[in-house]
Amino acid sequence: IGEQVSLQCSFKSSSPITESLTVDWTYRPLTGGQMESIFHYQSVPYPTTVGKFKDRISWLGNVARGDASIAIQSPVMSDNGTFICSVKNPPDV
């Protein structure tokens with residue numbers, strides 16, 4: 001609580017990494033409910049501009065190294081839940 005937390009995500013692709021590679025992070029609260037998009041990356045990071053993670057997510061990844069990790073600033077107990085990282089590198093998904 002209160003310290004930056006890193007959410008690790010690594011990937012391997014059989015296709016060369018290009019600007020069409022995308023990373024999407026989604027979140028579902030521990031209590032259930034809707035999945036919520038909290039981060040998108042395509043050539044540059046697009047942190048969410050709405051919801052509980054607004055202004056709290058930063059990009060730690062390096063897609064050239066197969067890293068799609070993010071960080072969350074000032075986590076609180078209510079952030080607890082399921083975080084899913086999805087990487088697509090067309091034509092490899």
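Can you find even one residue in region 61-72 that is outside any strand (DSSP E or B), open to solvent by 20 Å² or more (accessible area, probe 1.4 Å) and not small (Gly, Ala, Ser)?
Yes.
Just checking, how many residues over region 1-54 are open to solvent by 60 Å² or more (accessible area, probe 1.4 Å) and touching a helix residue (DSSP H, G or I) at 6+ places or on another chain (Cβ under 6 Å)?
1
Which one is modelled with the lowest pLDDT among residues in region 76-93 that are out of contact with any Lys or Arg (no Cβ under 8 Å at 6 or more places or on another chain) and open to solvent by less than 50 Å² (accessible area, probe 1.4 Å)?
Within region 76-93, the match that is modelled with the lowest pLDDT is 92.
Which pairs do you get when a residue that is more than 15 Å from residue 59 (Cβ to Cβ), found in region 5-19, comes within reach of a residue that is of a type in the set (D, E, K, R) and open to solvent by less than 100 Å² (accessible area, probe 1.4 Å), reach meaning Cβ atoms under 9 angstrom, with the pair 6+ apart or on two chains?
13/92; 14/92; 15/92
The values are calculated or read from the model by the stated rules, or taken from the named source; none is laboratory data. Only a predicted model underlies this, so the values are computations on that prediction, with no experimental measurement involved. Every residue, glycine as well, gets a Cβ built from its backbone with ideal geometry; the counts of neighbours run over all protein chains shown. The area values use the complete protein model at the heavy-atom level, side chains included, leaving out ligands, DNA and RNA. Shrake-Rupley method; radii C 1.70, N 1.55, O 1.52, S 1.80 Å.
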